[in-house]
């Protein structure tokens, strides 16, 4: 029976949808439906979302090429989490307070509590990746030792 290997990992597809397609569609929808909003702010967010989202997708794909417990996978997954935080920072406009004008009204939205919540989840995510690396690293090392003993016993 032949085993087909996927060229693009499911994690990369999900990252592409959640970090690129959906936010870009929403930003373009806001740009077209609300012409009274300053378009330069929306464009700056679009210019921030596109490259960071592509780096996130690339890190997701590269991280899925390695097995659990490998150091490269752990580093790529931590990089994925850090890039996600950078992506969120850019999507929020580069600060903790979002201020915009609509006609003669000014709106401010303070995002500090949400950003701290997102940072807390990101730290838990990094802890998960480190623990995953430590647990599966032991399995990989014990498997290598067992395989080495078998190869020396055969000789």
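Consider residue 62 carefully, then state whether it is within 17 Å of residue 14 (Cα to Cα), assigned to a helix (DSSP H, G or I), under 14 Å from the mean Cα position of the chain (by Cα) and at pLDDT 85 or above. Steps first, answer last, please.
On the way: within 17 Å of residue 14 (Cα to Cα): yes; assigned to a helix (DSSP H, G or I): yes; under 14 Å from the mean Cα position of the chain (by Cα): yes; at pLDDT 85 or above: yes.
In short, yes.
For residue 61, state whether it is in contact (Cβ under 8 Å) with a residue 40 or more places away in the chain, surrounded by 12 or more Cβ atoms within 10 Å (Cβ to Cβ) and under 29 Å from residue 137 (Cα atoms). Show your work before the answer.
Working: in contact (Cβ under 8 Å) with a residue 40 or more places away in the chain: yes; surrounded by 12 or more Cβ atoms within 10 Å (Cβ to Cβ): yes; under 29 Å from residue 137 (Cα atoms): yes.
Criteria met by residue 61.
Here are some residues: 56, 78, 46, 86. Which one is more than 14 Å from residue 16 (Cα to Cα) and at pLDDT 95 or above? If you could, list the steps in order and put the result at the bottom.
Values: 56 fails: more than 14 Å from residue 16 (Cα to Cα); 46 fails: at pLDDT 95 or above; 86 fails: at pLDDT 95 or above.
On inspection, the qualifying residue turns out to be 78.
Restrict the check to segment 133-140 and report whether at least one residue is touching a helix residue (DSSP H, G or I) at 6+ places or on another chain (Cβ under 7 Å) and farther than 24 Å from residue 16 by Cα. Walk me through it before giving the result.
Filtering segment 133-140 down to residues touching a helix residue (DSSP H, G or I) at 6+ places or on another chain (Cβ under 7 Å) leaves 133.
From the residues that got through so far, the ones that are farther than 24 Å from residue 16 by Cα too are 133.
Scanning segment 133-140 turns up at least one residue that is touching a helix residue (DSSP H, G or I) at 6+ places or on another chain (Cβ under 7 Å) and farther than 24 Å from residue 16 by Cα.
Would you point out which residue out of 41, 73, 45 is touching a residue at least 24 places away in the same chain (Cβ under 8 Å), touching a strand residue (DSSP E or B) at 6+ places or on another chain (Cβ under 9 Å) and in a helix (DSSP H, G or I)? Walk me through how you get there before you give the answer.
Working: 73 fails: touching a strand residue (DSSP E or B) at 6+ places or on another chain (Cβ under 9 Å); 45 fails: touching a strand residue (DSSP E or B) at 6+ places or on another chain (Cβ under 9 Å).
Exactly one of 41, 73, 45 is touching a residue at least 24 places away in the same chain (Cβ under 8 Å), touching a strand residue (DSSP E or B) at 6+ places or on another chain (Cβ under 9 Å) and in a helix (DSSP H, G or I), namely 41.
If you go through segment 27-34 one residue at a time, do you hit one that is surrounded by fewer than 14 Cβ atoms within 10 Å (Cβ to Cβ) and not in a helix (DSSP H, G or I)?
Yes, segment 27-34 has at least one match.
The values are calculated or read from the model by the stated rules, or taken from the named source; none is laboratory data. In this text the structure is predicted, and so the values were computed from the model without any measurement. Every residue, glycine among them, receives a Cβ derived from its backbone with ideal geometry; neighbour counts consider all protein chains shown.
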